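Worksheet for the structure shown next.
The values are calculated or read from the model by the stated rules, or taken from the named source; none is laboratory data. Values in this document were obtained by computation on a predicted structure and should not be read as measured data. Reconstructed Cβ throughout: ideal geometry from the backbone, glycine too, with neighbour counts over all protein chains shown.
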Amino acid sequence: MSINLSTGLFYDRSKTAMQSLTSRAETLSTQISTGKQLLSPSDGSVAYQRLQGLSRLTADAKTDTANVKLAQSVLQQADTTLKQITEQLQRASELTIQAKSGTQSPEGRAAIATELDGIVESLAALANTRDARGQPLFGGASGDVAVTKNPNGSFSFATGEASAIPIGDGQSVQPGSNAANFLSGGGTDIGSALAAITAALRAGDEIPGGASDALDAVSDSVTATQTSLGARAARVDLVYAQIQTATEDREVTRSGIEDVNVADAITELQKTMTILQATQASFSKLSQLSLFDYLR
């Protein structure tokens with residue numbers, strides 16, 4: 001009876017060992033093929049919870065990155081547009097200086113007035129540029145056009161700002177500026193100033209000093225706005241760098257928790273298969289002994 005029990009126990013132990021080795025080999029094979037050492041929550045509940053937290057942070061970072069890139073794009077668009085506005089204002093200033101020289105013929109003054117009219121149209125069009133979201137780049141909150149050119153040549157401005165862009169951690173950035181902030185100077189908007197200059201040119205009158213001063217003031221305001229937007233762009237670039245650094249650090253942490261060392265796993269699999277094969281061979285030989293025949 002004791003022989004039967006000992007033999008049965010050996011048989012059970014051998015069967016259990018082979019099942020365990022087979023299961024381990026299958027697990028190692030799956031880890032090698034997937035590159036993951038955690039295949040289910042049961043493989044490590046604490047580690048799995050950490051991975052879930054890292055996954056949520058990574059998803060948030062992707063959203064923040066997309067918003068930051070949008071902010072960078074809109075800020076770059078605003079800077080480019082302001083540079084074009086500056087070029088138009090510089091040309092208007094040059095034409096005004098020419099007109100003030102007193103050497104222009106009536107035809108020349110009329111030609112300058114016509115070119116200034118074109119500059120006014122260009123300024124209005126540039127101020128009404130829409131960003132990548134389809135919103136006015138330079139205001140207002142309602143989403144309507146930022147600047148309206150009135151029949152008398154003056155400009156009317158939409159109120160408020162276009163919506164800010166969130167860039168993570170409760171931060172946001174306003175990628176534009178209301179056109180009234182930089183297309184008005186000295187109490188006069190640029191449309192009114194240029195309209196006064198063109199009217200004087202066509203009438204043969206002296207160019208109003210206030211209109212000329214307003215042109216200079218608007219040019220200074222545009223430069224100041226560019227500086228402000230440049231500072232915002234620098235902040236957005238810093239946030240982007242911080243997101244990228246955090247993402248890289250998070251990936252290192254995730255990899256340490258989840259990823260398998262393939263070389264080590266292959267080595268362990270080879271050892272496991274060698275032991276399994278030896279156990280199977282030993283069991284096969286023992287199962288052929290008369291004692292096992294007796295048990296059967």
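Residues in segment 233-275 that are of a type in the set (Gly, Ala, Ser), crowded, with 16+ Cβ neighbours inside 10 Å and farther than 26 Å from residue 46 by Cβ: how many?
1
With the requirement that a residue be in contact with a strand residue (DSSP E or B) (Cβ under 8 Å, 6 or more places away or on another chain) and surrounded by 23 or more Cβ atoms within 10 Å (Cβ to Cβ), what does segment 179-188 give you?
Residues satisfying the conditions are 179, 183.
Can you say whether residue 111 is assigned by TED's automatic domain parsing to the domain that holds residue 218 and either surrounded by 14 or more Cβ atoms within 10 Å (Cβ to Cβ) or touching a Cys at 6+ places or on another chain (Cβ under 8 Å) (or both), as far as the supplied structure shows?
Working: assigned by TED's automatic domain parsing to the domain that holds residue 218: yes; either surrounded by 14 or more Cβ atoms within 10 Å (Cβ to Cβ) or touching a Cys at 6+ places or on another chain (Cβ under 8 Å) (or both): yes.
Criteria met by residue 111.
Would you please name the residue that is farthest from the chain's Cα centre (by Cα), looking only at residues in segment 192-208 that are assigned to a helix (DSSP H, G or I) and farther than 16 Å from residue 91 by Cβ?
As a first pass, look at segment 192-208 and keep what is assigned to a helix (DSSP H, G or I): 192-203.
From the residues that got through so far, the ones that are farther than 16 Å from residue 91 by Cβ too are 192, 195-196, 199-200, 202-203.
Numbers: 192: 39, 195: 42, 196: 45, 199: 48, 200: 50, 202: 51, 203: 53 Å.
Ranking the qualifying residues of segment 192-208, first place goes to 203.
State all residues of segment 95-131 that are within 13 Å of residue 81 (Cα to Cα) and not in a helix (DSSP H, G or I); if no residue qualifies, say none.
128, 129, 130, 131 - these are the residues of segment 95-131 that are within 13 Å of residue 81 (Cα to Cα) and not in a helix (DSSP H, G or I).
In this structure, is residue 175 part of a loop (DSSP other than H, G, I, E, B), under 17 Å from residue 222 (Cα atoms) and not aliphatic (A, V, I, L, M)? Break it down into steps so the answer makes sense when it comes.
Working: part of a loop (DSSP other than H, G, I, E, B): yes; under 17 Å from residue 222 (Cα atoms): yes; not aliphatic (A, V, I, L, M): yes.
Judged against the criteria, residue 175 is a match.
Find all pairs meeting these conditions: Cβ atoms under 9 angstrom apart; at least six residues apart or on different chains; first residue within segment 244-255 and over 11 Å from residue 61 (Cα atoms); second residue loosely packed, with under 14 Cβ neighbours inside 10 Å.
Cβ pairs passing all conditions: 254/55.
Looking only at segment 140-172, count how many residues are within 22 Å of the chain's Cα centre (by Cα), surrounded by 13 or more Cβ atoms within 10 Å (Cβ to Cβ) and farther than 17 Å from residue 80 by Cβ.
9
Being farther than 18 Å from residue 192 by Cβ, β-branched (Val, Ile, Thr) and modelled with pLDDT under 95: is that true of residue 103 here?
Yes; evaluated as a whole, the condition is true for this residue.
Taking the criterion of being among the β-branched types (Val, Ile, Thr), over 25 Å from residue 189 (Cα atoms) and not in a helix (DSSP H, G or I), would at least one residue in segment 68-91 satisfy it?
No, segment 68-91 contains no residue that is among the β-branched types (Val, Ile, Thr), over 25 Å from residue 189 (Cα atoms) and not in a helix (DSSP H, G or I).
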